[in-house]
Amino acid sequence: MRRSARLVALTQHFLENPRIHKNLPSFSEMYNASKASISEDLDIIDQMFRADGIGYLKRTAGSAGGVMFIPESTVEKGVAFVDQLCERLKDPVRILPGGYLYMSDILGEPNTIREIGRIFASRFAKLDIDVVVTVATKGIPLAYAVASFLNVPVVIVRRDPKVTEGSSVSINYVSGSSKKIQTMVLPKRSLEEGANVCIIDDFMKAGGTINGMVSLLEEFSANVKAIGVLAEADDDEEERLVENYMSLVKISNVDLKEKTIAVQRGNFVERS
């Protein structure tokens, strides 16, 4: 195989298999090339990944040595992406009755969701996450995007039990915004005891739903290592129930009369 073709094949392999360790002899056998040639190929790919700000190749030496692709979003690239997102969210046509914002179009864009997942995964990469947890339904695409870069499974918390999921653990919690008692459930088979968990959600106001998920995960003795939300509402009238979290966007004010939306970066830069 020519080097140009081998570089394309190797790049595709790494992009489709993040955080999967593979030894050099397997690449040599696969592409019928010497270890020295493969090593030079990896140097070229690593340089390009770093230059594009999408990650890097982590290499280990020794008999069990090899390489894996670590997806990553640089702070500069993340800031540029979030700034563009903020501009889109300022569009007054997004204002819905009650001061809510229409965001479903953004949550339906694969490229946008993928970049959001890359940013969260970059910040949480060193936390040894075992599983990404979200609550149905709008947080699901975000959770899968984050999980794809961390190469871990997704677990979905639901409002009602499903007969196809077997016995479940359920809790009641107080919604932070409406102050109403609500229920969430999680199948017993969905999560191993003591798992390291990353919670992902699309929107957080007072944090009642996320606080409920934290309480539910305590029933599984899970360790909540990270909490990420796409957008948070900066509402002084609401008492924030969640403290240690990372947000990409902060919606500080929605003026229904003037039809203006104040949007700014979340705290992800501070936590980078």
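The values are calculated or read from the model by the stated rules, or taken from the named source; none is laboratory data. Everything numeric here is computed off the predicted structure, so don't read it as measured data. Here the Cβ positions follow ideal geometry from the backbone for every residue, glycine too, while neighbour counts run over all protein chains shown. Ligands, DNA and RNA are stripped out before the accessible areas are found, and what is left, the full protein with its side chains, is counted by its heavy atoms. Shrake-Rupley method; radii C 1.70, N 1.55, O 1.52, S 1.80 Å.
If you take the residues in the stretch 11-52 that are of a type in the set (Lys, Arg) and surrounded by 15 or more Cβ atoms within 10 Å (Cβ to Cβ), which one is farthest from the chain's Cα centre (by Cα)? For the stretch 11-52, the residue satisfying everything is LYS22. Selection of first residues in the stretch 72-85 that are touching a residue at least 24 places away in the same chain (Cβ under 8 Å) and under 13 Å from THR112 (Cβ atoms) and of second residues that are among the basic types (Lys, Arg) and open to solvent by 30 Å² or more (accessible area, probe 1.4 Å), restricted to Cβ pairs under 6 Å at least 6 apart or on distinct chains, gives the following pairs, ordered by first then second residue: VAL82/ARG265.
Looking only at residues in the stretch 55-74 that are among the hydrophobic types (A, V, I, L, M, F, W, C) and touching a helix residue (DSSP H, G or I) at 6+ places or on another chain (Cβ under 9 Å), the one that is most open to solvent (accessible area, probe 1.4 Å) is MET68. Checking SER215, SER252 one by one, the residue that is at negative phi, at pLDDT below 90, among the hydroxyl-bearing types (Ser, Thr, Tyr) and surrounded by fewer than 20 Cβ atoms within 10 Å (Cβ to Cβ) is SER252 and no other.
Taking the conditions (1) surrounded by 16 or more Cβ atoms within 10 Å (Cβ to Cβ); (2) within 21 Å of PRO153 (Cβ to Cβ) in turn, GLY166 satisfies each one other than (1). Residue count for the stretch 108-121 satisfying the condition of being open to solvent by 20 Å² or more (accessible area, probe 1.4 Å) and touching a residue at least 60 places away in the same chain (Cβ under 8 Å): 1.
Considering only the stretch 172-272, give the strands (runs of 3 or more DSSP E) lying wholly within it that have at least 3 residues that are closer than 24 Å to TYR144 by Cβ.
Details: elements: 181-187, 196-204, 223-233, 246-255, 260-265.
Here the list reads 181-187, 196-204, 223-233, 246-255.
Does LYS225 meet the test of being within 17 Å of the chain's Cα centre (by Cα), open to solvent by 50 Å² or more (accessible area, probe 1.4 Å) and of a type outside the set (A, V, I, L, M)? Judged against the criteria, LYS225 is a match. Scanning the stretch 169-194 for residues that are at positive phi and open to solvent by 70 Å² or more (accessible area, probe 1.4 Å) turns up just one, LYS179.
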